[in-house]
Amino acid sequence: MFLGNDLLPFLMLALGGALAVGNGLALVRPPARPKEGELTRAPVGRSLVMIGIGLLAAVWALASLATG
């Protein structure tokens with residue numbers, strides 16, 4: 001199989017981690033000077049939901065990798 005049998009859990013770990021970290025950083029460090037038409041800071045509710053989904057995917061992927 002291409003890149004081993006654990007490809008899907010590794011992809012879910014990467015995507016979940018990126019989703020959680022990216023939205024977390026968007027909340028912590030908003031852009032200094034937003035361009036025309038951009039928000040001054042990220043929407044808090046949507047970002048927290050996305051962080052939760054990303055963490056859930058990453059934890060699920062780690063559990064899948066740990067169990068076999």
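No lab work stands behind these numbers, since they all come straight from the coordinates. Bear in mind that the values here come from a model prediction, so they are computed numbers and not experimental data. Glycine also receives a Cβ, built like all others from the backbone with ideal geometry; neighbour counts cover every protein chain displayed.
I need a count of the residues in the stretch 1-42 that are assigned to a helix (DSSP H, G or I) and among the aromatic types (F, W, Y).
Total meeting the criteria: 1.
Are any of the residues in the stretch 55-65 of a type in the set (A, V, I, L, M) and either in contact with a Ser or Thr (Cβ under 7 Å, 6 or more places away or on another chain) or not in a helix (DSSP H, G or I) (or both)?
Looking through the stretch 55-65, none of the residues is of a type in the set (A, V, I, L, M) and either in contact with a Ser or Thr (Cβ under 7 Å, 6 or more places away or on another chain) or not in a helix (DSSP H, G or I) (or both).
Select, from A26, A20, the only residue that is surrounded by 14 or more Cβ atoms within 10 Å (Cβ to Cβ) and more than 27 Å from A66 (Cα to Cα).
A26
Do the conditions hold for A42, that is, is it surrounded by 14 or more Cβ atoms within 10 Å (Cβ to Cβ) and not hydroxyl-bearing (S, T, Y)?
Here the answer is yes, as A42 does meet what is asked.
Table: residues versus (1) hydrophobic (A, V, I, L, M, F, W, C); (2) out of contact with any Leu (no Cβ under 9 Å at 6 or more places or on another chain).
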| residue | (1), (2) |
| --- | --- |
| E36 | no, yes |
| R41 | no, no |
| I53 | yes, no |
| L56 | yes, yes |
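Could you run through the stretch 5-44 and say how many residues are of a type in the set (K, R) and touching a residue at least 24 places away in the same chain (Cβ under 8 Å)?
0
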